[in-house]
1. Go through segment 37-55 residue by residue and tally those that are under 19 Å from Y107 (Cα atoms) and out of contact with any Phe, Trp or Tyr (no Cβ under 9 Å at 6 or more places or on another chain).
2. Sort through F175, F155 and tell me the only one that's closer than 21 Å to Y80 by Cα and assigned to a strand (DSSP E or B).
3. With the structure loaded, tell me whether E195 is acidic (D, E), surrounded by 15 or more Cβ atoms within 10 Å (Cβ to Cβ) and at pLDDT below 85 or whether it fails that test.
4. Of the numbered conditions (1) touching a helix residue (DSSP H, G or I) at 6+ places or on another chain (Cβ under 6 Å); (2) closer than 18 Å to I99 by Cα, N203 satisfies every one except a single condition; which is it?
5. Collect the residues in segment 253-281 that are surrounded by fewer than 19 Cβ atoms within 10 Å (Cβ to Cβ), at pLDDT 60 or above and in a loop (DSSP other than H, G, I, E, B), keeping them in residue-number order.
6. Of the numbered conditions (1) over 19 Å from A87 (Cα atoms); (2) assigned to a loop (DSSP other than H, G, I, E, B), L162 fails exactly one; give the number of that condition.
7. Please state which one of T167, T113 is out of contact with any Lys or Arg (no Cβ under 7 Å at 6 or more places or on another chain), in a strand (DSSP E or B) and either loosely packed, with under 15 Cβ neighbours inside 10 Å or touching a residue at least 24 places away in the same chain (Cβ under 8 Å) (or both).
8. Where residues in segment 134-180 are within 16 Å of the chain's Cα centre (by Cα) and of a type in the set (G, A, S), which of them is nearest to I99 (Cα to Cα)?
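The values are calculated or read from the model by the stated rules, or taken from the named source; none is laboratory data. Bear in mind the structure is a predicted one, so any value in this text is a computation, not a measurement. Every residue, glycine as well, gets a Cβ built from its backbone with ideal geometry; the counts of neighbours run over all protein chains shown.
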Amino acid sequence: LPREELVRLARMRPSLAARRARLWAEVVRHEGLVYQSYEKSVHLVPDIRPKPRMEVWGAIDFGSFTHVVLGGQDVDGRVYVLDEVFAQKQSFAKRFMRIEDMVRKAYEGNRGTVHVTFFGDPADPEAIRELNIQAASALERQRMEGEQLIVECTFQALKQGLKAIETGLARVQEFLEPIHKRVPGALVDREKNEEGEPRLYFNKSIGSDWQGPDTYHYDVCRLFWEMERYEYKKKPRNISTEQELPDKDSADGAHAMDALRYFIMARLAAPEDALILRHEWDESEREEDAPEVLPWWQEDQMSRLVGRRNKDINTAEAVGAAAVDIVDPYVEAFQGVDW
């Protein structure tokens, strides 16, 4: 690559370790802040509220300190963290009340029933059960009182495989990292940032009341507070370990960081390998009689689209002819397709 291109790519990655790994394929140690791509000027946006075509869900990190994240994804594949709840040593009834108020605030002015699922640490099934009990009681109360907006919350355990720390950290970092040519999400009410746009945004107004490790009373977003302090563990240079994990003490337990990781992994975990479809031809058939075999990615994506509409379409030519509107799979256009 020419020097100008290397400089441009390096500017997109503020972490020296990320530059060395991405540009030079070096194996590097993780040091300093975990989310070095996070910048207030890039990731904080004017408040966004749930839209009709936005999928909304939440995540929760249990413990004596409980952190809850509410967010969603729009049709363009952009992800938004809408609000948070940070509860310190409160009963399950009080915690659920705050969660319900958070959802009700996000959907203020709407009518009907809103259903939101929150994904939690599978290591604490008792907490999940207690919150579901509180949710069932609240749902019955709302219906009896004739509320115009019914908030129906359910809590379920995150799949064990999606809890992996290193995989989750990498996935969150992927959503935080700005890409130079990417334009802002359709719901982002600001000009394009010079450094590029990420896929993960946060509402500016997010905030909680809580007491910090220094006994000082804070009235700021716990999520942002932890993001600016969350660091990797410091290790002697001569010691090598297989896992390089963040130091939770650097962010006072990192409850918000765990909740954010659960939030991303619950719905947006790394995609599985693409299914490769193969044709098997009778040896007696002449080669010229066999339909043209498309590249595997076209064959897979096109057959999914067309096959659901017309089960009689079997050949590769028919699939290709009926799906002329499909674009290059390496762009984000596939994000909006309902497979």
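1. Number satisfying all stated conditions: 6.
2. F155 is the lone residue from the list that is closer than 21 Å to Y80 by Cα and assigned to a strand (DSSP E or B).
3. yes
4. The number of the failed condition is (1).
5. G253, A269, A270, P271 - these are the residues of segment 253-281 that are surrounded by fewer than 19 Cβ atoms within 10 Å (Cβ to Cβ), at pLDDT 60 or above and in a loop (DSSP other than H, G, I, E, B).
6. Just one mismatch for L162, condition (2).
7. The unique qualifying residue is T113.
8. G168
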